[in-house]
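**Student:** Structure below; questions to follow.
What follows draws every value from the coordinates through simple rules; no lab data is involved. Remember, it's a predicted structure, so these values are computed and weren't measured experimentally. Heads up, the Cβs are rebuilt from the backbone with ideal geometry, glycines too, and the neighbour counts pull from every protein chain shown.
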Amino acid sequence: MTITVLGATGHIGRRVVDILLTQGYSVIAFCHGPNPFPFHNALKVVSGDVHLASDVKVALHGADAVICALGSWHTPTQDIVSSATGHLVKLMPKLGINRLVTLTGADARMSGDHTTFFQQLLRPVLKQVAPKILADSEKHLELLQQSSLAWTCLRSPVMRSFGSQGRFSIKTSPPPPWATIHRQDVATALVQLAVSDDYIGEAVFIR
């Protein structure tokens, strides 16, 4: 099985690539910039821009599934996730690829969600602090819902690179606003979802 990883050089993407290779999968790593990975027989690196459909298409050739570990924080346009998703939902059916797993923040909402009291309380704050990031995340969810793909979105609370890891669960209800999760657990969950048929057509939470 070959899996394309978008955002392969990020905090989560690198971990996803490592996990996939360790578990024996072939990986196409889509990177913005030079290749940072050591040589591996099962790894192909494609450099490009997620805003360009032609670049994304190159990274999809030969894939059986796609993991999108992109994030729009610290990017000039802050539209990375929705731009990539827009290309994926158009290109993947043409290339015969059906399974897509994406990542976004736990506060991103989509139609059909039942919001908690804390989510309602924090919504105005998020719109003030990170309006473009929130809009990007929710646009990507809208595009997924409108697509014909077997998609799953993993919504994550604040991520960290220290502390406990290895004990996480995937839920359909959101975590409390003070929750955090280790990046390694997020990467592990993305891989588990991508190689299974669990939670198709759902935006679930890791906690």
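**Student:** Residues in region 97-143 that are within 22 Å of ILE12 (Cα to Cα) and over 16 Å from the mean Cα position of the chain (by Cα): how many?
**Tutor:** So the answer is 2.
**Student:** Let me ask something else about it. Do we have any residue at all in region 62-71 that's acidic (Asp, Glu) and farther than 30 Å from SER26 by Cβ?
**Tutor:** Here is the first cut: in region 62-71, the ones acidic (Asp, Glu) are 64.
In the following step, the residues that additionally are farther than 30 Å from SER26 by Cβ were identified as none.
Within region 62-71, not a single residue is acidic (Asp, Glu) and farther than 30 Å from SER26 by Cβ.
**Student:** With the structure loaded, tell me whether VAL50 is buried (at least 18 other Cβ atoms within 10 Å of the Cβ), closer than 14 Å to ALA84 by Cβ and in contact with an Asp or Glu (Cβ under 9 Å, 6 or more places away or on another chain) or whether it fails that test.
**Tutor:** no
**Student:** Please work out which residue is surrounded by the most Cβ atoms within 10 Å (Cβ to Cβ), limiting yourself to region 192-207 and to residues that are part of a strand (DSSP E or B) and of a type in the set (Val, Ile, Thr).
**Tutor:** Filtering region 192-207 down to residues part of a strand (DSSP E or B) leaves 202-206.
Of the ones still in play, those that are also of a type in the set (Val, Ile, Thr) are 204, 206.
Values: VAL204: 19, ILE206: 24.
Of everything passing the filter in region 192-207, ILE206 is surrounded by the most Cβ atoms within 10 Å (Cβ to Cβ).
**Student:** For region 49-69, give me each residue that is closer than 15 Å to GLY13 by Cα and not in a strand (DSSP E or B).
**Tutor:** VAL50, ALA59, ALA69
**Student:** If I ask for residues that are of a type outside the set (S, T, N, Q) and over 30 Å from MET1 (Cα atoms), which ones from region 99-122 would you list? Even if it seems obvious, please write down each step before you answer.
**Tutor:** Taking region 99-122 as the starting set, the residues that turn out to be of a type outside the set (S, T, N, Q) are 99-101, 103, 105-110, 112-114, 117-118, 121-122.
Answer for region 99-122, where residues must be of a type outside the set (S, T, N, Q) and over 30 Å from MET1 (Cα atoms): ASP107, ALA108, ARG109, MET110, GLY112, ASP113, HIS114, PHE117, PHE118, LEU121, LEU122.
**Student:** Within region 19-46, restricting attention to residues that are within 15 Å of THR9 (Cβ to Cβ) and of a type in the set (Gly, Ala, Ser), which residue is surrounded by the fewest Cβ atoms within 10 Å (Cβ to Cβ)?
**Tutor:** Top of the filtered list is GLY33.
One line per residue, one yes/no per condition, for (1) under 22 Å from ILE170 (Cβ atoms); (2) in contact with a helix residue (DSSP H, G or I) (Cβ under 9 Å, 6 or more places away or on another chain); (3) surrounded by fewer than 13 Cβ atoms within 10 Å (Cβ to Cβ):
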residue	(1), (2), (3)
ASP64	yes, no, no
THR77	no, yes, yes
ALA84	no, yes, no
ILE97	no, yes, no
VAL101	yes, yes, no
THR116	yes, no, no
LEU121	no, no, yes
PRO124	no, no, yes
LEU144	yes, yes, no
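Residues checked against (1) part of a loop (DSSP other than H, G, I, E, B); (2) out of contact with any strand residue (DSSP E or B) (no Cβ under 8 Å at 6 or more places or on another chain); (3) over 19 Å from TYR199 (Cβ atoms); (4) not aromatic (Phe, Trp, Tyr):
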{"site": "GLY13", "(1), (2), (3), (4)": "no, no, yes, yes"}
{"site": "VAL17", "(1), (2), (3), (4)": "no, no, yes, yes"}
{"site": "ILE28", "(1), (2), (3), (4)": "no, no, yes, yes"}
{"site": "PRO34", "(1), (2), (3), (4)": "yes, no, yes, yes"}
{"site": "THR77", "(1), (2), (3), (4)": "yes, yes, yes, yes"}
{"site": "THR104", "(1), (2), (3), (4)": "no, no, no, yes"}
